[in-house]
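Novice: I am attaching a structure below and will ask some questions about it afterwards.
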Amino acid sequence: MRFFRGSLEIEPAPKVDLSSLLKVAQAEFDFAEIIGQEQAKRAMEIAAAGAHNIFMRGTPGSGKTMLARALPGILPTLTEEEALEVTKIYSVTGNLSSGESIVTTRPFRSPHHTTSRIGLIGGGSNLTPGEVSLAHRGVLFLDEFPEFPRNVLESLRQPLEDGKVSISRAKGSVTYPAQFLLVAASNPCPCGYFGDPKRPCKCTPGQISRYQKRISGPILDRIDLHIEVPSVETQKLVSQAKSKAETSKEIQKRVQKAREVQTKRFQGTKLKSNAEMGTKDVKKYCPLSDECRTILRSAISSLNLSARAYFKVIKVARTIADLSSDKEIAVNHLAEALQYRLRED
């Protein structure tokens, strides 16, 4: 009223550049705090750089949860387009924080293993998005992976393959985006100490087999990286002060650089990362030398790789090459990518 009467001046609100608001998420742990586990850290870096799904298996206390909780600190920053996608989902579900107009960091969702199928995938009477959609462009961490009900785990097949969830009910149908990075963690057996060099396992072979079979082959086949996380030796824990591990900030710089390479590569397409490539995209963007093809042929026969796993190995190798700033996929990149399929069974 006073403004229209001319008794009060209102300064125009300054325009805020969206890109200036986007930032790296504050992680619960820094990678420098994680003692040992060099191979697991490397796998996490590859997963973050290419948005590859990762499965960790190891004894209790080996650091699986710590690695997952540290992951947000090395993820690349959201692009403007991705930030708007995530904000739409959080806005429609009422999950935007008070006073927040846009989501500025990649989501990190960690539902409990008692979560229902609707809670994970979405649906219900109002067709609301589930955890897989709330983790869009971010991380979905499923700890104690085999403890989730079988039907809940199997419902992950479509979003892991298509990057979206289609829900049909009597009220109608709706499709929500679900392009997330899955981080799954599991013990090797019910007691947790199968294969541990120091603590004996108390489970019978039948119990171990049944426990590991709770995760179906099709689900494991959709996960790009499979790693073992062994328990850390006491000597390493004691001598932690002497060695200086890489910080999350240092790793994040490499990840960001690799993701920028991918953004440039996929310019003009809907692809955002190497993990999103389909079969045609792999053939287009990931040419292989004759030597690389020979190694892959040998790996297919010796490791019994499925067609899906075959292309996933190539996509992981492409990410490893991006982290090394190499234009072409070399034999060493492919060899490292194959290491992460050896632990699948």
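The numbers here are math on the coordinates, done by the rules we state, and not lab data. Given the structure is predicted, the values throughout are model-derived calculations rather than measurements. Note: ideal-geometry Cβ built from the backbone for every residue, glycine included; neighbour counts use all protein chains shown.
Novice: Taking the beta-carbon count within 10 Å as an exposure proxy, list Val132, Val174 from fewest neighbours to most.
Specialist: Val174, Val132
Novice: Let me ask you something else. Return the long-range amide H neighbours of Leu182 (sequence gap of 5 or more, or a different chain), with a cut-off of under 5 Å between placed amide H atoms.
Specialist: The answer is Asn53, Ile54, Leu140.
Novice: While we're looking at this one, here's another question. Any lysines with Cα under 19 Å of the Lys213 Cα? List them, leaving off those in the same chain fewer than 8 positions away.
Specialist: Hits, sequence-local ones excluded: Lys202.
Novice: Want the number for Asp162 to Glu28: 0.36 nm per residue separation, take away the alpha-carbon distance, what's left?
Specialist: Extra length from Asp162 to Glu28 when fully extended: 45.2 nm.
Novice: Among the listed pairs Lys257/Lys315; Lys272/Lys315; Lys270/Lys327; Lys15/Lys270, which have their C-alpha atoms separated by more than 24 angstrom in this model?
Specialist: Lys15/Lys270
Novice: Compute and list, largest first, the equivalent-ellipsoid semi-axes of segment 195-335 from the alpha carbon gyration tensor, each √(5λ) rounded to a whole angstrom.
Specialist: Its equivalent ellipsoid spans semi-axes of 32, 25, 15 Å.
Novice: Please enumerate, by chain and number, the aspartates and glutamates with C-alpha under 13 Å from the C-alpha of Lys198, excluding those fewer than 8 residues away in the same chain.
Specialist: Counting by Cα, and skipping residues close in sequence, Lys198 has these aspartates and glutamates nearby: Glu233.
Novice: Based on DSSP H runs of at least 4 residues, each adding -39500 (n - 2.57), what is the mean residue ellipticity at 222 nm of the chain after dividing by all its residues, to the nearest 500 deg cm²/dmol?
Specialist: That comes out to -11500 deg cm²/dmol.
Novice: Order of 192-203, 50-61 by packing, highest average Cβ count within 10 Å first?
Specialist: Top of the packing list down: 50-61, 192-203.
Novice: Could you sort the peptides 312-318, 81-87, 253-259, 102-108 by per-residue average Cβ neighbour count (10 Å cutoff), highest mean leading?
Specialist: Most protected by this proxy first, the peptides run 312-318, 102-108, 253-259, 81-87.
Novice: Shifting gears a bit: Taking R0 as 45 Å, what FRET efficiency do you get between Asn332 and Glu100 from their Cβ-Cβ distance, rounded to the nearest 0.05?
Specialist: 0.55
Novice: Counting alpha carbon pairs within less than 8 Å and at least 6 residues apart, what relative contact order, in whole percent, applies to segment 277-339?
Specialist: Reported relative contact order: 40 percent.
Novice: Can you sort Phe4, Phe145 from fewest to most other Cβ atoms within 10 Å of each residue's own Cβ?
Specialist: Least crowded to most crowded, the residues run Phe4, Phe145.
Novice: Using 7 Å Cα-to-Cβ label points, what is the Phe4/Ser125 separation (nm, one decimal)?
Specialist: With each label point 7 Å from Cα toward Cβ, the separation is 4.3 nm.
Novice: Could you work out which residue, out of Leu21, Leu75, Leu153, moves most in a Gaussian network model of the chain, that is, has the largest mean-square fluctuation with Cα springs under 10 Å?
Specialist: Leu21
Novice: Fully extended, how many nm does the chain gain between Lys244 and Ile295 (0.36 nm per residue separation, minus their Cα-Cα distance)?
Specialist: Gain on extension, Lys244 to Ile295, equals 14.8 nm.
Novice: Also, I was wondering about something else. May I have the extent of the alpha carbons of segment 1-64 along their three principal axes, as whole Å values ordered from largest to smallest?
Specialist: Computed over segment 1-64, the largest-to-smallest principal extents equal 72, 24, 18 Å.
Novice: Taking segment 252-345, how much of its Cα-Cα pair set, in percent, is spaced more than 16 angstrom apart?
Specialist: When all Cα pairs of segment 252-345 are counted, 53 percent exceed 16 Å.
Novice: Over segment 63-182, consider all pairs of different Cα atoms and compute the Kirkwood hydrodynamic radius from their mean reciprocal separation; express it in Å, one decimal.
Specialist: Roughly 14.9 Å, rounded to one decimal.
Novice: Dividing the Cα radius of gyration by the Kirkwood radius, what Rg/Rh value follows for the chain?
Specialist: 1.01
Novice: At a Förster distance of 56 Å, what's the computed FRET efficiency of Arg199 paired with Glu11, Cβ-Cβ distance as r, to 0.05?
Specialist: Efficiency at R0 = 56 Å is approximately 0.25.
Novice: Projecting each Cα onto the charge dipole of segment 18-238 (Lys/Arg +1, Asp/Glu -1 at the beta carbon, about the Cα centre), which of Gly206, Thr77, Phe141 comes out farthest on the positive side?
Specialist: Comparing the listed Cα positions along the dipole, Gly206 ranks first.
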